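The values are calculated or read from the model by the stated rules, or taken from the named source; none is laboratory data. Owing to the predicted nature of the structure, the values given are computational and were not obtained by experimental measurement. Reconstructed Cβ throughout: ideal geometry from the backbone, glycine too, with neighbour counts over all protein chains shown.
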Amino acid sequence: MSTTNVHSKPDGNQSISRYEVNSLQETFDLAEKLSLVFHPGHAIALIGDMGAGKTAFVRGFLLALGFEGVVRSPSFTIVNVYTSIPKVVHVDLYRLNAPEEMVALALDELRENAILFVEWGDRFQEEWGPVTHSMTFETPDGDPDQRVITVEQIA
């Protein structure tokens, strides 16, 4: 895995990093690294095409936390809550058609004591609350194992 710091804030805190990963294991390694950064109350927008590695990243993140259960894509359930320590809430907004549908998800309540990962996180952002980090997943050569993952600290 190679890392490029694209931009640093004036106070020296990193705000944007770009990671090139070449395997599922390297995606899991990045997730483990970021498991030390993301904390309850953080809301992370996961942005990328289908198959770009968003759910794989969350699976690796949960493994890093010691979660031993099955981690599935929330494409059909919309919301998956994992009782890891800390708790993780994994949401997929792809199938939602209107901002009004967000109300029933109660993401404000779910995120209070959890780390919130939102796939298709560029949809309805105003309705699901402030984003602390944005992660963009790209597969430049169409190879699902080779990804460029950009992490931006927003707040």
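The table below lists the values:
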item: Looking only at region 118-136, and only at residues there that are modelled with pLDDT under 85 and in contact with a helix residue (DSSP H, G or I) (Cβ under 7 Å, 6 or more places away or on another chain), the one that is nearest to ALA106 (Cα to Cα); result: TRP128
item: Any hit, region 17-35, residues being touching a residue at least 60 places away in the same chain (Cβ under 8 Å), within 20 Å of PRO130 (Cβ to Cβ) and either of a type outside the set (Phe, Trp, Tyr) or crowded, with 16+ Cβ neighbours inside 10 Å (or both); result: yes
item: Count - residues of region 92-106 that are of a type in the set (A, V, I, L, M), in contact (Cβ under 8 Å) with a residue 24 or more places away in the chain and not in a loop (DSSP other than H, G, I, E, B); result: 3
item: Residues (at pLDDT below 90 and aliphatic (A, V, I, L, M)) located in region 137-155; result: ILE154, ALA155
item: Selection count, region 17-57, where residues are within 27 Å of GLU112 (Cβ to Cβ) and not hydroxyl-bearing (Ser, Thr, Tyr); result: 21
item: Odd one out for TYR82, checked against (1) surrounded by 11 or more Cβ atoms within 10 Å (Cβ to Cβ); (2) on the phi > 0 side of the Ramachandran plot; result: (2)
item: Close pairs from region 139-151: first surrounded by 17 or more Cβ atoms within 10 Å (Cβ to Cβ) and among the hydroxyl-bearing types (Ser, Thr, Tyr), partner at pLDDT 90 or above and not in a loop (DSSP other than H, G, I, E, B), Cβ under 6 Å, at least 6 apart; result: THR150/ARG18; THR150/THR136
item: Index of the failed condition, PHE67 passing every other in (1) of a type in the set (A, V, I, L, M, F, W, C); (2) at pLDDT 95 or above; (3) surrounded by fewer than 16 Cβ atoms within 10 Å (Cβ to Cβ); result: (3)
item: Pairs with Cβ under 6 Å, 6+ apart, first in region 52-77 and within 26 Å of GLU20 (Cβ to Cβ) and touching a residue at least 24 places away in the same chain (Cβ under 8 Å), second of a type in the set (D, E, K, R) and buried (at least 16 other Cβ atoms within 10 Å of the Cβ); result: GLY53/ARG147; LYS54/GLU119
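Per-residue answers, yes or no, for (1) assigned to a loop (DSSP other than H, G, I, E, B); (2) touching a Phe, Trp or Tyr at 6+ places or on another chain (Cβ under 8 Å):
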{"residue": "GLY51", "(1), (2)": "yes, no"}
{"residue": "PHE57", "(1), (2)": "no, yes"}
{"residue": "VAL70", "(1), (2)": "yes, no"}
{"residue": "PHE76", "(1), (2)": "yes, no"}
{"residue": "HIS90", "(1), (2)": "no, yes"}
{"residue": "GLU109", "(1), (2)": "no, no"}
{"residue": "PHE117", "(1), (2)": "no, yes"}
{"residue": "GLU126", "(1), (2)": "no, no"}
{"residue": "ASP143", "(1), (2)": "yes, no"}
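Okay, residues lined up against (1) modelled with pLDDT of 95 or more; (2) under 12 Å from the mean Cα position of the chain (by Cα):
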{"position": "ARG18", "(1), (2)": "no, no"}
{"position": "SER23", "(1), (2)": "no, no"}
{"position": "PHE28", "(1), (2)": "yes, no"}
{"position": "GLU32", "(1), (2)": "yes, no"}
{"position": "SER35", "(1), (2)": "yes, yes"}
{"position": "LEU46", "(1), (2)": "yes, yes"}
{"position": "MET50", "(1), (2)": "no, no"}
{"position": "ARG72", "(1), (2)": "no, no"}
{"position": "THR77", "(1), (2)": "no, no"}
